[in-house]
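All remarks here apply to the structure that follows.
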């Protein structure tokens, strides 16, 4: 049985991105029909961005020409690290995090529907629309910066994590019951390069 707790590496980078996005959450991330997406998220990456993409401001700016691409320094637990943000005006579209060496892209948090979710679940979609037959062993309550949210693997994509928000009066360190969780909405999407499952096999 797979659980989020068995994939701790998938959880470690999320508070990093969320800390940068908490002050810039939008009331609605619904994509108007007249706007075409600027990139598409899949299990393999976001547009041309994948695990081999250099974590480099110039490289990312070339991909998203016409958008506000900026590098910032964030702090957590006394340590500092860079992130690259892609914005349209003041609206955050996504946050890109580096690996430990600040060499390659380690993860991307998608925060707006201008980044199309190729898995078929736009930001704002309800939990029960994404998981008609949910299995809560694929979900976990958020911790630290993600407290009060619920994290779930995307259907059929173990390297994509969905972050849900909603209203519940229960404890933050527990999963809401399904009759509550069903109405929670997808708030953001976290992508990480897929693991090469052939490694370590004889």
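One table, with the values for the structure above:
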read-out: FRET efficiency, 1/(1 + (r/R0)^6) with R0 41 Å, evaluated for residue 40 and residue 169 via beta carbons; value: 0.65
read-out: Value of relative contact order over region 26-131, rounded to a whole percent, pairs C-alpha under 8 Å and six or more apart; value: 31
read-out: Region 33-73: C-alpha gyration tensor shape, a/c 1.5 cut-off, then a/b vs b/c; value: oblate
read-out: Rounded if a/c under 1.5, otherwise prolate or oblate - region 105-179, Cα gyration tensor axes; value: prolate
read-out: Ordering of 75-83, 57-65, 146-154 by burial proxy (mean other Cβ atoms within 10 Å per residue, highest first); value: 146-154, 57-65, 75-83
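Bear in mind that the values in this text are calculations on the coordinates, not laboratory data. Values in this document were obtained by computation on a predicted structure and should not be read as measured data. For neighbour counting, all protein chains shown are included, and Cβ atoms are generated from backbone atoms with ideal geometry for every residue, glycine included.
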